[in-house]
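Colleague: I'd like to ask some things about the structure below.
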Amino acid sequence: MALWNSGVTWNSGAHWSPAAPPPGGTSSNPRTHRTQMKRNDYYPRRESERPEWHLNFAAKLPVYGPTLGLTAAQINNAVADNLTLAYGLGEWRTNVREFGPAGTASLKDLESGTGSAAFVFPAYDAPALPTLPVGADPVKPGALERTFLLVQEMKGKQAYNLPMGLDMGIVGSEAPAPPPGEAPPPRVTATVISGEANERVSFKFVKDGHDGVRGETQRGSGGWELLDISNKSPLIDDRPLLVPGQAEVRQYRFRFYDAGAAHGAWTDVIRVTVGP
């Protein structure tokens, strides 16, 4: 069975299928059965690996989306987002970069070239656009952020399990605990503010030259889950209470986020009581 990053491409003809379940069966909610080993963030840090990641994710969405309760419109639009991201980060960007030297040479010829023939700008031929699913909405800006939020939603579904996450490429590889003495975590302060249905939590953070922060949260009997990835302070947690009208304790932690991946030390756990 080929995983997304095993070196076998999605269109190579190899058989893509869910990973074999671990011994003893699979859990419908793997977050309650996590080992102590942390996992690297799933989105590739290397730009060259991102187009293949998006192509694989687009190919797997129609396979797992119905099981996870996604609508046909959600699946089609997410496939369109990821095919377009793969195109932009891959063929289109490569084509633009290759055209750059020819464009520069043309401008030099325009400025100081010789000859009697009329000057003609070189034609730029973009690679063919990807074929998007029938019925998908036009792809709008923010496709990568929509993809991250969709992954978060899928991981929160009862039917989600680790093998399908590995097959889709949305689970990182196992990684050892970060070494001591690494860069300090983000500076984050939490404030409870009023909301329409219940109180909300506002997090102000300092990026210190980083792209942004990744926040995770834990409440009730659940495990740690993604709260949000944000490059703009403040970050607001406006989720409804687990039990309407009943106050609850929420825990949060943050680390820096750069070039599509979280890294560095976590902040100390921040405990906040959120009331109705």
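Colleague: What residue, of Ala102, Ala117, is part of a loop (DSSP other than H, G, I, E, B), surrounded by fewer than 15 Cβ atoms within 10 Å (Cβ to Cβ) and of a type in the set (A, V, I, L, M)?
Modeller: Matching residue, one of Ala102, Ala117: Ala117.
Colleague: Of the conditions (1) modelled with pLDDT under 50; (2) under 20 Å from the mean Cα position of the chain (by Cα); (3) not in a helix (DSSP H, G or I), Pro23 satisfies every one except a single condition; which number is it?
Modeller: (2)
Colleague: Report whether or not Phe57 is surrounded by 13 or more Cβ atoms within 10 Å (Cβ to Cβ) and at pLDDT below 85.
Modeller: Working: surrounded by 13 or more Cβ atoms within 10 Å (Cβ to Cβ): yes; at pLDDT below 85: no.
Criteria not met by Phe57.
Colleague: Cβ-Cβ under 9 Å, sequence separation 6+ or interchain: first residue in region 102-126 and more than 28 Å from Glu91 (Cα to Cα) and modelled with pLDDT of 85 or more, partner surrounded by 11 or more Cβ atoms within 10 Å (Cβ to Cβ) and aliphatic (A, V, I, L, M). Which pairs?
Modeller: Pairs found: Phe119/Leu110.
Colleague: A follow-up question, please. Determine whether region 190-205 contains at least one residue that is surrounded by 14 or more Cβ atoms within 10 Å (Cβ to Cβ), under 21 Å from Asp41 (Cβ atoms) and within 19 Å of the chain's Cα centre (by Cα).
Modeller: There is no residue in region 190-205 that is surrounded by 14 or more Cβ atoms within 10 Å (Cβ to Cβ), under 21 Å from Asp41 (Cβ atoms) and within 19 Å of the chain's Cα centre (by Cα).
Colleague: Just give me the residues in region 228-252 being surrounded by 12 or more Cβ atoms within 10 Å (Cβ to Cβ) and within 17 Å of Asp211 (Cα to Cα), in sequence order.
Modeller: Within region 228-252, Asp228, Ile229, Ser230, Asn231, Ser233, Pro234, Leu235 meet the criteria.
Colleague: Of the residues Leu55, Leu68, Leu83, which is within 20 Å of the chain's Cα centre (by Cα), assigned by TED's automatic domain parsing to the domain that holds Ala136 and not in a helix (DSSP H, G or I)?
Modeller: Residue meeting the stated conditions: Leu68.
For every residue, the table says whether it meets (1) in contact (Cβ under 8 Å) with a residue 24 or more places away in the chain; (2) outside the structural domain of Arg146 (by TED's automatic domain parsing); (3) assigned to a loop (DSSP other than H, G, I, E, B).
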| site | (1), (2), (3) |
| --- | --- |
| Gly195 | yes, yes, yes |
| His210 | yes, yes, yes |
| Thr217 | yes, yes, no |
| Asp228 | no, yes, no |
| Gln246 | yes, yes, yes |
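Colleague: So, one more: Restrict the check to region 161-173 and report whether at least one residue is surrounded by fewer than 16 Cβ atoms within 10 Å (Cβ to Cβ) and more than 25 Å from Tyr43 (Cβ to Cβ).
Modeller: no
The values are calculated or read from the model by the stated rules, or taken from the named source; none is laboratory data. The model shown is predicted, which means the values in this text are computed figures rather than measured ones. Here the Cβ is made from the backbone with ideal geometry for all residues, glycine too, and neighbour counts use every protein chain on show.
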